[in-house]
Amino acid sequence: MELSYINTSGERLSLKQSRPFFLTRIDGTGQVRQTVNTFKAPDQDGAFFISSAMDMRNITLEGTLVASTVDEAYALRQRFLRVFTPKQHGLLVYRNRQIACVVEEAGFSASSRERAPNFFISLLCPSPFFEAMTDIREELAMWSPLLSFPLEIPSGGLMFALRQPSQIITVDNVGDVACGCHIVFLALGSVSNPELMNLDSGEALRLNTTMTAGEELHVHTHFAGKRVTRLVGQEESNAFSLLDTSSVFLQLSPGRNLLRYNAEANLDLLEVSIYYRPLYLGV
């Protein structure tokens with residue numbers, strides 16, 4: 001059992017079943033409670049279900065600081081308190097998954113053992129979901145390599161790759177719940193009104209604009225971070241106004257998601273990439 005905490009300053013501290021920070025207990029990494037909203041009519045047996053939402057997650061850690069000398073114990077205490085400062089946010093990394101959190105409480109219990117005091121940590125996670133450590137990338141407009149070796153280039157030239165004609169891709173979200181994503185539209189030439197549709201739900205995200213060669217449009221559909229930006233060279237600008245009024249910030253449901261990209265003009269000059277991190281109910 002090993003986990004690490006990284007604060008916003010980049011300072012990292014590992015807790016495991018060995019010195020100097022010997023972890024003895026961890027609670028709160030499994031399923032969390034949810035709040036269920038219902039409506040009850042007069043004389044009704046039971047109630048109508050309206051909605052439900054997951055509560056915040058609270059993770060508690062306990063262990064023992066193990067040092068060879070009193071001076072070493074004092075230095076380790078200072079490092080512990082500096083990393084687990086309540087003035088900074090942080091990430092808890094556990095079993096190849098991570099979760100954003102803030103320190104509610106972190107310190108040491110009163111003890112006569114100066115070289116081996118017990119510590120305790122309480123972390124509050126505003127979002128209850130653990131997430132993957134890195135983004136998964138999916139390419140909707142794909143190129144197939146045509147090179148083979150030994151290589152011989154004829155006088156008429158050689159095609160290095162072939163663009164796949166399919167506009168549809170299956171994205172398999174391996175997480176436990178739906179998650180947002182980062183969609184990148186890249187224009188290789190003039191492209192009008194790029195669009196991405198979820199064929200399973202019928203929902204679509206459409207941008208009303210004509211893109212020029214090299215221009216990128218980035219759409220973030222995460223619940224707490226929805227935004228649209230335009231990138232031309234090194235210049236980035238807000239492009240939220242380009243969203244069509246019927247657009248939906250697409251979410252990737254757990255399991256199979258069938259997606260299709262489109263454009264009103266010059267579809268073959270459009271490349272589309274999707275980046276997402278699966279979310280998990282626990283570890």
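Just a few scattered comments:
- Among the residues making up region 26-69, those that are under 19 Å from L81 (Cα atoms) and assigned to a strand (DSSP E or B) are I26, I59, T60, L61, E62, G63, T64, L65.
- Where strands (runs of 3 or more DSSP E) fall wholly inside region 94-172, the ranges with 2 or more residues that are closer than 30 Å to V70 by Cβ and either modelled with pLDDT of 90 or more or not assigned by TED's automatic domain parsing to the domain that holds M56 (or both) are 97-108, 118-125.
- In region 187-215, the residues that are under 22 Å from the mean Cα position of the chain (by Cα) and within 17 Å of E264 (Cα to Cα): L196, M197, A204, L205
- Of note, E215 satisfies the criterion of being in contact with a strand residue (DSSP E or B) (Cβ under 9 Å, 6 or more places away or on another chain) and over 18 Å from V248 (Cβ atoms).
Here is a yes/no grid of residues against (1) among the hydroxyl-bearing types (S, T, Y); (2) surrounded by 15 or more Cβ atoms within 10 Å (Cβ to Cβ):
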residue	(1), (2)
T29	yes, yes
V32	no, yes
V36	no, no
A41	no, no
G46	no, no
E62	no, yes
A67	no, yes
L81	no, no
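- Top-ranked residue of region 208-227 - restricted to ones that are aliphatic (A, V, I, L, M) and within 24 Å of F129 (Cα to Cα), ranked as modelled with the lowest pLDDT: A224
- The set of residues from region 182-216 being in a strand (DSSP E or B), in contact with a helix residue (DSSP H, G or I) (Cβ under 8 Å, 6 or more places away or on another chain) and farther than 14 Å from L243 by Cα comprises A187, V191.
- Inspection of region 127-136 finds a residue satisfying the criterion of being among the acidic types (D, E), surrounded by 15 or more Cβ atoms within 10 Å (Cβ to Cβ) and within 24 Å of H182 (Cα to Cα).
- Residue check: I50 meets all listed conditions (1) among the hydrophobic types (A, V, I, L, M, F, W, C); (2) exposed (fewer than 14 other Cβ atoms within 10 Å of the Cβ); (3) farther than 22 Å from F223 by Cβ but one, namely (3).
- All positions within region 9-47 that are among the hydrophobic types (A, V, I, L, M, F, W, C) and in contact (Cβ under 8 Å) with a residue 24 or more places away in the chain: L13, L15, F21, F22, L23, I26, V32
- Flag for L23 being of a type outside the set (D, E, K, R), assigned to a helix (DSSP H, G or I) and more than 16 Å from S127 (Cα to Cα): no
- Restricted to region 218-273, the set of strands (runs of 3 or more DSSP E) holding at least 3 residues that are closer than 13 Å to L196 by Cβ comprises 255-262.
The values are calculated or read from the model by the stated rules, or taken from the named source; none is laboratory data. A quick note: this is a predicted structure, and the numbers were derived from the prediction, not measured. Using ideal geometry, Cβ is built from the backbone for each residue, glycine included, and neighbour counts are taken over all protein chains shown.
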